[in-house]
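Single-structure report; data block below.
The values are calculated or read from the model by the stated rules, or taken from the named source; none is laboratory data. Bear in mind the structure is a predicted one, so any value in this text is a computation, not a measurement. Virtual Cβ from ideal backbone geometry, glycine too; neighbours counted across all protein chains shown.
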Amino acid sequence: MGMLRIGRFWSVIITFVLLYALIKWGIPAVSREVTDLPFPLPVPGTLIFFYMVLVTIALFLITTFSDEGMEEFVRPIRKLLRGEYSKTARAAVLIVVPLLAGWQVYDLTVPKIELPSSLRIQHPSSNFPKKFEELKNPFANPGEAEVTAFIEQAEAEEIAWIEQVQEDIERWQEEGDADNPLAFIPTAPWKKFLAELEDGDVKLATAKAALLEKNLFEGRALYAMNCRPCHGDSVAGDGPMADGFKLRPINFTDNGTIETIVEGYTFWRVRNGGPGLPTEATPWDSAMPEWKVSLTEEERWKIILAEYDLAEKTPRIPESH
Amino acid sequence: MRRDRKHGMVHDRFLVIAMLAALLSPLGAVPAAAKPVADAPMPEVTDAFLAEGEEIYYRRCSFCHGLLGDGEGPAAKYLDPRPRDFTLGTFKFRTTQSGELPQDSDLFRTVSRGLPGTGMQAFDGDLIKNGLDERQRWAVIAYIKTFAPEFEDEELDPVKTGKVVALPANRPAFSPELVAKGKEIFLRAKCWECHGKEGRGNGQKSFDRKDDWGFPIRIRNVTHPWKIKGGSEAEDIYMRFSTGISGTPMPSFVKALNEDERWALANFIKSLQHKLTEHQVLAVLPVDGEVPGTPDDGVWEQAQPMDVRLAGQVVAPPRWQNPSIEMVTLKAVANDREIAIRISWDDPFKDASHDEDQELNASELTKVGIFNSYVEANDQVPRALETFRDSIALQFSAKPISGSEKPHFLRGSSSAAVQLWHWMADREEAGERSVVEAVARGWRQPPKAQADDQQGVEGKAVWADGRWTVVMKRALTTEDKNDVQFVPGKFIPLAVNAWDGSNGEHGRIMSLSTWYYVFIVAPTPVSVYIYVVASILIMGGFGLWLVRVARNSQVGTGASTNA
């Protein structure tokens, strides 16, 4: 076949080095592709050590499986030690290897200015209260009574908008040139609702979809006022304040963030913030506020509704017990 | 036997190739590049295209820019700079002559990459997953143009009327000569009258400038590239003084300076940009003599700087998203008795007085269901000279930390106290003890000053050329249980709180950092050297022993089992 023969000794060495490279750099590189995160996920040092011990044992077993194999592995080492390659090479190896060992020992024992490593668990569940797990966002799926009430409000031109958006709506109604005072929401479900409203025949399903549009509108406004400074316009964790925090705000568009948790968990996180986290989630580094001190429950749920919508994700469904 | 081995080799080689392929494949995947320039011009504007734009505008823009496009959305009054009012047709960042309308490509650039240092973020869908693709960006731009009637007037079209400003054809690369020429022009064109000699926005004419909308504006500190709205590359900077910034006092220098001069000036401005350090551990410089007590001591030159980024205090009410101080630089020096930490930061105005009567009543914004827990940018707190003091605080954990556990970076909590070394410009000015040591247990209560006999930090500060430099000095260890203790070889968590008085900052209206560390290197123990020498000797002896074994064993198989 004409290929280069590399003896048993070198194939063992190359396999060892390649497997090390694969674990040290290959896995993080592949993880980046798989998770779609902007940074690689490194393999922890202890795990690398564990893998390399396994590799060493496997290579040892393969090498010592037969006397011929062992002999082939040891031959180049013995030739070197007897000085059969060259005396200089032997001397070099005999000097360099102890020095390398000395350097390794120095590196391990000398005090260094290195950041204390802290592992952080993103979604700890150790102190996530059970009562939150089953919670459903009341604004994502309004009941029939609420929808009927909403239709009545709309017919009487008395839709109850949250205070924060009223001023903008009023200016639009006074200064804008649209015929319909509710036409500031330009989405299809809302337009359909306005058309049915005009015809005096509003279907429940249409009104429900429109009520969801209203809740989303309010949720987006509250998000822009309260959350956008850190989490950003595009819910990408890149708001104007984000660079000031070493632990960056979460990017909700990443896979494995808000879609892997139940709504009740999101609500608890928003409610209790960084200080509500258990130790394994390093609460002292989290800039997430305890929103229970500022926002009402209704405001928090509407924000969560808008956040999932902006991220184009859906929450995980709670497992039934 | 031989055949077997060959078979094995083929396997080995296959494995090698497979591993190499696995290693290299992710490296080949290059992330999508930013695209501030569109692939194609704006598509034909039809009713359907505008409807598409309207829906995008409603979803993504209206909450700041308002349903009417007048820059009065629900989030607007908490932001400085304010969101653009589109109805006036005045746009700051253009490639057209002073006072002209922007080109479509200018609006495309702004929507794509945002305006750094403002609430306007990048919407480039290639950079941000939930951003807008090129067609969507064009659609929303087409819709935004409908807010200002000027865009319908053919006579105002900057392209048709030849009002476009181009980059110079000859753009020599960044070089010290070009920078030196640019500096000369910076002085000659009197850029420093507003921007200051060091470019820190501290010129004599720089306070209380107002834009065309009546909102106060601050002169740009051009040394912080993350805050340069129009972009921090030389090409971007060139455009700013070639086109002027409409609605602001920033004029166009297109008549006063020729192309080459403006290009040199752009490169000089580029040369002023600060490069942030990336480490998170402040290494304390050990000295044998006295630690420096003044900011201008020559010893500071030898200490390694660490930049700390700060954000607006948005964690607890009252929240503040318009911080003035976004970076401080720390240095530290210690001998075996004392430590001195030097903090420097850019602040174009020295504010050395404090009027408590003008402080915001924080309890008003600390209620559930308050309309908004953020402080308004302009109307809620005075942002004027001689109102509030400039101030800085270093925050430490009051108790030694165990493992990675620390108090919360915003003032700790009831169970984990922090100590603050709070330096205040008004006290420095009055010749009083300028640093007050205080203890905080959470943000709800203001930090409590420690007893007079436990005040041990000495402060000294200077303000010059738009920059504060403060030194705080204390004994490494004290008897007080509320004091941070500096023990060599231990990581001491450190965070920063900062206030710019003329930016209205006081109390929790401030900027802050998360945790960093201070570290005093402990002397290397002698045992380390003993271990090193021992390991070299052992390995060397082992090698020599192997040589002997190899030499003595003449028969192959026997030797291998022995070894």
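Numbers for the structure displayed
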| read-out | value |
| --- | --- |
| Residue ID - farthest from the other protein chains (Cβ to nearest Cβ), chosen from residues in the range B:300-315 that are aliphatic (A, V, I, L, M) and assigned to a strand (DSSP E or B) | B:Met306 |
| Single residue of the range B:355-374 satisfying the filter (within 12 Å of chain A (Cβ to nearest Cβ) and in contact with a strand residue (DSSP E or B) (Cβ under 7 Å, 6 or more places away or on another chain)) that is surrounded by the fewest Cβ atoms within 10 Å (Cβ to Cβ) | B:Ser373 |
| Matching residues in the range B:226-242 - criterion: being touching a Gly at 6+ places or on another chain (Cβ under 9 Å) and either assigned to a helix (DSSP H, G or I) or of a type outside the set (Lys, Arg) (or both) | B:Trp226, B:Lys227, B:Ile228, B:Asp236, B:Ile237, B:Met239, B:Arg240 |
| The range A:51-84, subset more than 19 Å from A:Ser11 (Cα to Cα) and either under 47 Å from the mean Cα position of the chain (by Cα) or not in a helix (DSSP H, G or I) (or both), residue nearest to the other protein chains (Cβ to nearest Cβ) | A:Arg82 |
| Yes/no for B:Ala430 being aliphatic (A, V, I, L, M), over 18 Å from B:Ala495 (Cβ atoms) and either in contact (Cβ under 8 Å) with a residue 60 or more places away in the chain or within 14 Å of chain A (Cβ to nearest Cβ) (or both) | no |
| Lone unmet requirement of (1) touching a His at 6+ places or on another chain (Cβ under 8 Å); (2) more than 19 Å from B:Trp463 (Cα to Cα) for B:Ser363 | (1) |
| B:Ala384, sole failed condition from (1) crowded, with 16+ Cβ neighbours inside 10 Å; (2) modelled with pLDDT of 95 or more | (2) |
| Condition broken by A:Pro142, with the remaining ones in (1) in the same structural domain as A:Phe252 (by TED's automatic domain parsing); (2) touching a Pro at 6+ places or on another chain (Cβ under 7 Å) satisfied | (2) |
| Some residue of the range A:90-107 being in contact (Cβ under 8 Å) with a residue 24 or more places away in the chain, facing chain B (nearest Cβ under 9 Å), at negative phi and surrounded by 15 or more Cβ atoms within 10 Å (Cβ to Cβ) | no |
| Residue count, the range A:243-276 (criterion: surrounded by 20 or more Cβ atoms within 10 Å (Cβ to Cβ) and closer than 18 Å to B:Val314 by Cα) | 9 |
| Options A:Met241, A:Met225: the member that is in contact with a Cys (Cβ under 8 Å, 6 or more places away or on another chain), aliphatic (A, V, I, L, M) and at pLDDT 95 or above | A:Met241 |
| Extreme residue, farthest from B:Gln419 (Cα to Cα), among residues of the range B:482-496 that are in a loop (DSSP other than H, G, I, E, B) and hydrophobic (A, V, I, L, M, F, W, C) | B:Val487 |
| Residues of the range B:214-253 classified as among the hydroxyl-bearing types (Ser, Thr, Tyr), touching a strand residue (DSSP E or B) at 6+ places or on another chain (Cβ under 9 Å) and modelled with pLDDT of 90 or more, total | 2 |
| Output for the range A:156-188, where each listed residue is out of contact with any Phe, Trp or Tyr (no Cβ under 8 Å at 6 or more places or on another chain), at the interface with another protein chain (Cβ under 9 Å from one of its Cβ atoms) and within 16 Å of A:Leu211 (Cβ to Cβ) | A:Ala188 |
| Filter result (hydrophobic (A, V, I, L, M, F, W, C) and buried (at least 24 other Cβ atoms within 10 Å of the Cβ)) within the range B:497-514 | B:Ala498, B:Trp499, B:Ile509, B:Leu512 |
| For A:Ala205: the one exception among (1) more than 8 Å from chain B (Cβ to nearest Cβ); (2) without any contact (Cβ under 8 Å) to a residue 12 or more places away in the chain; (3) in a loop (DSSP other than H, G, I, E, B) | (3) |
| Among residues of the range B:317-374, those that are in contact (Cβ under 8 Å) with a residue 12 or more places away in the chain, among the polar types (S, T, N, Q) and out of contact with any Asp or Glu (no Cβ under 8 Å at 6 or more places or on another chain), counted | 6 |
| Residue within the range A:24-38 that is more than 11 Å from chain B (Cβ to nearest Cβ) and either modelled with pLDDT of 90 or more or farther than 30 Å from A:Ala236 by Cβ (or both) present | no |
| Options B:Lys190, B:Lys270, B:Lys205, B:Lys275; residue that is of a type outside the set (Phe, Trp, Tyr) and modelled with pLDDT under 90 | B:Lys205 |
| Of all residues making up the range B:497-546, the number that are more than 21 Å from the chain's Cα centre (by Cα), more than 7 Å from chain A (Cβ to nearest Cβ) and either part of a loop (DSSP other than H, G, I, E, B) or acidic (Asp, Glu) (or both) | 4 |
| Qualifying residue in the range A:130-152 (condition: more than 30 Å from A:Ala209 (Cα to Cα), exposed (fewer than 13 other Cβ atoms within 10 Å of the Cβ) and modelled with pLDDT of 90 or more) | no |
| Checking A:Ile113 against (1) at pLDDT 85 or above; (2) under 30 Å from A:Leu41 (Cα atoms), the condition it does not meet | (1) |
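For every residue, the table says whether it meets (1) free of Cβ contacts under 8 Å to residues at least 40 places away in the same chain; (2) closer than 19 Å to A:Glu297 by Cβ; (3) assigned to a helix (DSSP H, G or I).
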position	(1), (2), (3)
A:Pro138	no, yes, no
A:Gln153	yes, no, yes
A:Glu158	yes, no, no
A:Ile169	yes, no, yes
A:Trp172	yes, no, yes
A:Asp177	yes, no, no
A:Asp201	yes, no, no
A:Ala210	no, no, yes
